[in-house]
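Visitor: I have a structure here, written as C-alpha cells, and I will follow up with some questions on it.
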Amino acid sequence: MLSYRRVGMAAALEALEANASLRIVLLEKEPKVGGNSAKASSGINAAQSKDDLDAYLQDTLKSGGGFTNPVLAQTLVDQSLDGIRFLESKGVDLSVQCQLGGHSTERTRRNKTGPNVGFAITSALKKAIDDASSQIQIVTGAKVTKLVASDNAVSGVEYHVDNRDFTVSTPAVILATGGYSANTALLKTLAPGMEAFATTNGPWATGDGLELATGVGAALVDTDKVQLHPTGFIDPKDRHKSTRFLAPEALRGAGGILLNVHGHRFVNELATRKEVSNAMLAQPEKRSFLVLLQTDQVQAACQALGLSFYEKIGLVKVVPTLEALAQVVGVPQSVLDAEFDSYLKAARGQAADTFGRTAFANVTELRPMFVLEVEPVVHYCMGGVQINEHAEVVLGNHTTPVKGLYAAGEVSGGLHGGNRLGGNSLTECVVFGRLAGQRAAALVAVKQ
C-alpha cells in the first residue's frame with residue numbers, strides 16, 4: 001500500500017479481512033499518518049436508504065457536468081452505506097447529518113462531538129491498523145521511486161528511506177498517494193491558471209502517484225479538472241498566504257450566507273462548489289463574507305467543526321447586530337437590512353429565494369453572528385490515474401488493467417468529472433479503498 005492515510009488504511013484492513021494470511025507493507029513518504037484525509041471536516045456521504053440511491057447518483061452526475069464516469073459513480077453510490085457500516089464497526093460516530101452544496105437532501109454524515117470527522121476516521125483506522133501490527137509493516141519517511149513491472153503486471157516497489165534503497169517484491173500494489181494541489185509546477189502544466197490560487201492542501205500533495213503509474217503505462221484522465229473550493233479563509237494578518245485553512249462547506253449547510261464586498265447576496269450558497277466559486281470570482285475583489293446566524297444548529301456545527309480555533313487565531317469575528325456587521329463589511333446598515341429581510345422571508349417560506357435556495361437549516365430570525373472573510377482556493381484534483389469499477393489501474397489503451405496495480409482516492413480520476421460533491425471524497429476513500437484491498441487480497445491468494 002502506497003500511503004499510510006485513510007485510503008491506504010481502509011485498503012489494508014479490508015485486504016486483511018479477506019485474506020488473514022497476508023503480510024502488508026504500508027509505505028508513507030511523510031513522517032506520520034494523516035495527509036489531507038485527517039483535515040476533512042464537513043462529512044462523508046452515503047445514501048439515506050435504498051430509496052435515495054438514484055437521487056444520490058443523479059446529484060453526483062449533475063455535479064460532474066457530463067464528465068463523470070457513470071460506472072464509477074454507480075459503484076460509489078451503491079456501496080456508500082456499506083462504507084458507513086465499515087467505519088461504524090471501527091468505532092466512528094457518524095450520527096449527525098447535514099446537506100452540503102449540490103445535494104438534493106441531507107446525506108452528509110459526521111461525528112457529533114470531538115475532533116473533525118476526517119481526524120476521527122483516520123484515528124479509528126489507525127487504531128485498527130495498530131491492532132493488526134503483527135501482519136502490517138509501516139514504513140514512514142519512505143519515498144517510492146519506481147513500480148517494478150513487466151508484461152503489464154507489477155511485481156514490486158522500489159523505495160528510498162534513511163539514505164538507503166529497498167525493494168519489496170509483491171504481486172499487488174495499491175496507490176493511495178493523493179492529488180497534486182500543492183504542486184504549482186504540475187498544476188501549471190495540467191490545469192493552467194490554477195497555480196495562481198492558494199491551496200488548502202498540505203505540502204505532501206505533489207502528484208507522485210501519477211508519475212509512478214504512468215511509468216508502467218497507466219492512463220491518466222481529467223487531469224485538467226481541479227476543484228476550487230469557494231470558502232478558503234482569508235487571514236487579515238497575511239492576506240496572500242499560499243496555503244489556507246478551509247472554512248468547511250458544512251457551515252453553509254448549517255445556514256451560512258455569502259455576501260460580496262458591497263453587502264449583497266449573489267448566489268445560492270448550496271449550489272455546487274463550481275457554481276459558488278465561479279459566482280464569487282465574478283464579484284468585486286473576488287472575495288466574500290460568510291455570515292452565520294447563531295442558531296442552535298449553527299452552534300452545534302461550529303463546535304463540531306472547531307470554529308473556536310479559527311476565532312482564537314483571528315479568522316472569525318463575532319458580531320452582535322447588523323450594525324456591527326455593516327462595520328465589518330464596510331457598507332451602510334440599510335443594505336444589510338434589505339438583504340437579510342429578503343433572505344429571512346425566504347427562510348420562513350413567505351417568499352421564494354432570489355437565488356433558488358430551498359434549504360435554510362431553520363434560520364428564521366436575526367441573531368448574533370459569526371463572520372468570516374473567504375475566497376476560492378484550490379482544494380481537490382478530480383483527475384488522476386484511470387481506474388475501473390474494481391479500482392484496477394487501466395493501461396493507456398483505456399480498457400486493459402495493469403495486473404496487480406490498484407488505485408483509490410484522489411490519486412485516481414474519472415469518478416468526480418468536472419466537479420466533486422462535498423463529502424464524496426471521504427466516501428470514495430472508503431468505497432474504492434476497500435475494493436482495492438479486496439481485489440489485491442484475491443490476487444495474492446491466487447499467487448499463493
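A short reminder: the numbers here are calculations on the coordinates, not readings from a lab. This one's a predicted model, so the numbers in the text were calculated from it and none came from an experiment. When we count neighbours, we look across all protein chains shown, and the Cβ atoms used for this are built from the backbone with ideal geometry, even at glycine.
Visitor: Taking the Cα centre of the chain as origin and charging only Cβ (+1 Lys, Arg; -1 Asp, Glu), how large is the dipole, in debye to the nearest 20? Present the calculation step by step, with values, prior to reporting the outcome.
Guide: Details: 42 positive and 44 negative charges, 105 e Å.
My answer is approximately 500 debye.
Visitor: A follow-up question, please. I need the peptides 142-152, 10-20 ranked by packing, meaning the mean over residues of other C-beta atoms within 10 angstrom, with the highest value on top. Don't skip to the answer; put the middle values down first.
Guide: On the way: 142-152: 16.1, 10-20: 22.5.
Final packing ranking: 10-20, 142-152.
Visitor: Calculate how steeply helix 117-131 sits against the longest principal axis of the alpha-carbon atoms of the chain, using the helix alpha-carbon long axis, and give the answer as 0 to 90 degrees to the nearest 10.
Guide: Its long axis makes an angle of about 30 degrees.
Visitor: Here's something else I'd like to know. Hey, fewest Cβ within 10 Å first, where do C302, C429, C381 land in order?
Guide: Details: C302 21, C429 28, C381 32.
In order of increasing Cβ crowding within 10 Å: C302, C429, C381.
Visitor: What are the aspartates and glutamates whose alpha-carbon lies under 17 Å from the alpha-carbon of K345, with same-chain residues fewer than 8 places away excluded?
Guide: E269, D337, D353, E365
Visitor: Please pull out the direction-averaged projected area of segment 302-448, using the convex hull of its alpha-carbon atoms, in nm² to one decimal place.
Guide: Details: hull surface 54.6 nm².
Averaged projected area of segment 302-448's Cα convex hull equals 13.7 nm².
Visitor: I've got another one for you. With a cut-off of 8 Å between alpha carbons and a minimum separation of six or more residues, what is the relative contact order of the chain in percent? Spell out each step's value before the answer.
Guide: Values: 1034 pairs, mean separation 115.8, N = 448.
That works out to 26 percent.
Visitor: Another question about this same structure. I want the local charge near V335. Using Cβ-Cβ distances under 15 Å, sum +1 for each Lys or Arg and -1 for each Asp or Glu among the other residues.
Guide: Details: positive: R265; negative: E323, D337, E339, D341.
Value of the local net charge: -3.
Visitor: Can you give me the three principal axis dimensions of segment 228-377 from its C-alpha atoms, in Å, biggest first?
Guide: 43, 30, 29
Visitor: Given K50/K403; K112/K312; K143/K241; K127/K188; K39/K188; K126/K188, which pairs have Cα atoms separated by over 31 Å? Intermediate results must be reported in sequence, preceding the final value.
Guide: Values: K50/K403 34 Å; K112/K312 22 Å; K143/K241 28 Å; K127/K188 38 Å; K39/K188 25 Å; K126/K188 35 Å.
Check vs 31 Å cut-off fails for K50/K403; K127/K188; K126/K188.
Visitor: Counting pairs of alpha carbon atoms under 8 Å apart in space and at least six apart in sequence, what relative contact order in percent does segment 388-429 give?
Guide: Numbers: 27 pairs, mean separation 12.6, N = 42.
The value is 30 percent.
Visitor: Would you mind counting up the charge near D52? Only other residues with Cβ under 12 Å from its Cβ, with Lys and Arg at +1 and Asp and Glu at -1. Don't skip to the end; give the middle numbers.
Guide: Numbers: positive: K50, R107; negative: D51, D54, D59, D78, E106.
Once all neighbours under 12 Å are counted, the net charge is -3.
Visitor: A further question on this structure: With an 8 Å cut-off on Cα pairs and a minimum separation of 6 or more residues, tell me the relative contact order of segment 228-377 in percent.
Guide: Details: 248 pairs, mean separation 56.8, N = 150.
Relative contact order comes out at 38 percent.
Visitor: Also: In deg cm²/dmol, rounded to 500, what helix-only [θ] at 222 nm does the chain give when every DSSP H run of at least 4 residues adds -39500 (n - 2.57) and the total is split over its residues? Mind showing how you got there, number by number?
Guide: Working: 14 runs with 148 residues, N = 448.
After summing the helix terms and dividing by residue count, I get -10000 deg cm²/dmol.
Visitor: Here is a follow-up. Cut-off is 10 Å between beta-carbons; in what order do M194, M9 appear when sorted fewest neighbours first? Could you put the intermediate results ahead of the total?
Guide: Values: M194 21, M9 30.
Taking fewest neighbouring Cβ atoms as first place, the list is M194, M9.
Visitor: To continue, here is another question. Just name one of G65, P368, T206: the one whose Cα is farthest towards the positive end of the charge dipole of the chain (beta-carbon charges, Lys/Arg +1, Asp/Glu -1).
Guide: The Cα lying farthest towards the positive end belongs to T206.
Visitor: Can you sort T108, T170, T364, T68 so the residue with the fewest Cβ neighbours within 10 Å comes first?
Guide: Values: T108 28, T170 19, T364 16, T68 24.
Ascending Cβ contact count within 10 Å gives the list T364, T170, T68, T108.
Visitor: Right, another one. What is the ratio of the Cα radius of gyration of the chain to 2.2 N^0.38 Å, with N the residue count, to two decimals?
Guide: Working: Rg = 22.1 Å, N = 448, 2.2 N^0.38 = 22.4 Å.
Cα-based Rg divided by the globular estimate yields 0.99.
Visitor: Quick check: residue separation of A352 and E389 times 0.36 nm, minus the Cα distance between them. What number comes out in nm? Could the numbers behind the result be given before it?
Guide: On the way: separation 37, 0.36 × 37 = 13.32 nm, distance 4.12 nm.
Residue separation times 0.36 nm, minus the Cα-Cα distance, leaves 9.2 nm.
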